[in-house]
Amino acid sequence: LQGPRYISPAPNGGFVVSEECGDVKVFTSSRKLLCSLSSKYGHWFGNPAGVCVDWDGSVLVADEQRHTVHLFPEHGAPICLVSAGLRRPAGIACSSFGHLFVADAGENCVKVFK
């Protein structure tokens with residue numbers, strides 16, 4: 001890993017790790033690299049920060065530099081979930097009720113999206 005920052009467990013027993021100014025890596029339950037999101041999706045990250053995995057196995061990533069949150073489904077193209085209103089998204093979490101929590105370090109608050 002190149003400057004690991006944030007980590008999140010995945011429902012399948014694996015985990016996801018963001019790397020400072022780089023990439024997001026997905027690992028299996030046996031700690032083997034499954035994929036790099038940049039390589040798999042051809043997506044460029046500015047500065048990936050918080051990561052989480054929803055109940056469907058999709059990976060969500062907060063990008064501090066691009067001020068966005070993207071969803072990376074297991075199959076299909078990435079989806080930008082939040083593209084406005086974030087100054088410096090850092091940590092993120094998904095709830096079982098369909099809410100996305102984003103810690104915005106630029107505004108010293110937590111924002112909730114449905």
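Which residue out of Leu100, Leu60, Leu37 is over 19 Å from Pro4 (Cβ atoms) and in contact with a strand residue (DSSP E or B) (Cβ under 7 Å, 6 or more places away or on another chain)? Give the steps one after another, and end with the answer.
Details: Leu60 fails: over 19 Å from Pro4 (Cβ atoms); Leu37 fails: over 19 Å from Pro4 (Cβ atoms).
Unique residue meeting the criteria: Leu100.
Ser8 satisfies every condition listed in (1) more than 17 Å from Lys111 (Cβ to Cβ); (2) free of Cβ contacts under 8 Å to residues at least 24 places away in the same chain; (3) buried (at least 18 other Cβ atoms within 10 Å of the Cβ) except (2).
Kindly indicate whether any position in the stretch 15-38 is under 21 Å from Phe113 (Cβ atoms) and open to solvent by 10 Å² or more (accessible area, probe 1.4 Å). Give the derivation first.
Start the filter on the stretch 15-38 by keeping residues that are under 21 Å from Phe113 (Cβ atoms), which leaves 16, 18, 24, 37.
Subsequent filtering for residues that are open to solvent by 10 Å² or more (accessible area, probe 1.4 Å) retains none.
There is no residue in the stretch 15-38 that is under 21 Å from Phe113 (Cβ atoms) and open to solvent by 10 Å² or more (accessible area, probe 1.4 Å).
For Val112, the criteria (1) part of a strand (DSSP E or B); (2) open to solvent by less than 40 Å² (accessible area, probe 1.4 Å); (3) of a type outside the set (Asp, Glu) hold in every case but one, which is (2).
When the stretch 35-79 is filtered for residues that are outside any loop (DSSP other than H, G, I, E, B) and more than 11 Å from the chain's Cα centre (by Cα), the ones remaining, listed by number, are Cys35, Ser36, Ser38, Ser39, Lys40, Tyr41, Ile79.
In this structure, does Gly85 turn out to be crowded, with 22+ Cβ neighbours inside 10 Å, of a type in the set (Gly, Ala, Ser) and in contact with a strand residue (DSSP E or B) (Cβ under 8 Å, 6 or more places away or on another chain)? Steps first, answer last, please.
Details: crowded, with 22+ Cβ neighbours inside 10 Å: no; of a type in the set (Gly, Ala, Ser): yes; in contact with a strand residue (DSSP E or B) (Cβ under 8 Å, 6 or more places away or on another chain): yes.
The answer is no for Gly85.
Arg66 passes every criterion in (1) at pLDDT below 95; (2) surrounded by 12 or more Cβ atoms within 10 Å (Cβ to Cβ) apart from (1). Report yes if Glu107 is modelled with pLDDT under 95, open to solvent by 30 Å² or more (accessible area, probe 1.4 Å) and either assigned to a loop (DSSP other than H, G, I, E, B) or in contact with an Asp or Glu (Cβ under 9 Å, 6 or more places away or on another chain) (or both), otherwise no. No; evaluated as a whole, the condition is false for this residue.
The values are calculated or read from the model by the stated rules, or taken from the named source; none is laboratory data. Every value quoted in this text rests on a predicted model; they were computed, and no experiment measured them. Note that we place each Cβ from the backbone using ideal geometry, even for glycine, and neighbour counts take in every protein chain shown. Calculation scope for accessible area: heavy atoms of the full protein, side chains included, ligands and nucleic acids excluded. Shrake-Rupley method; radii C 1.70, N 1.55, O 1.52, S 1.80 Å.
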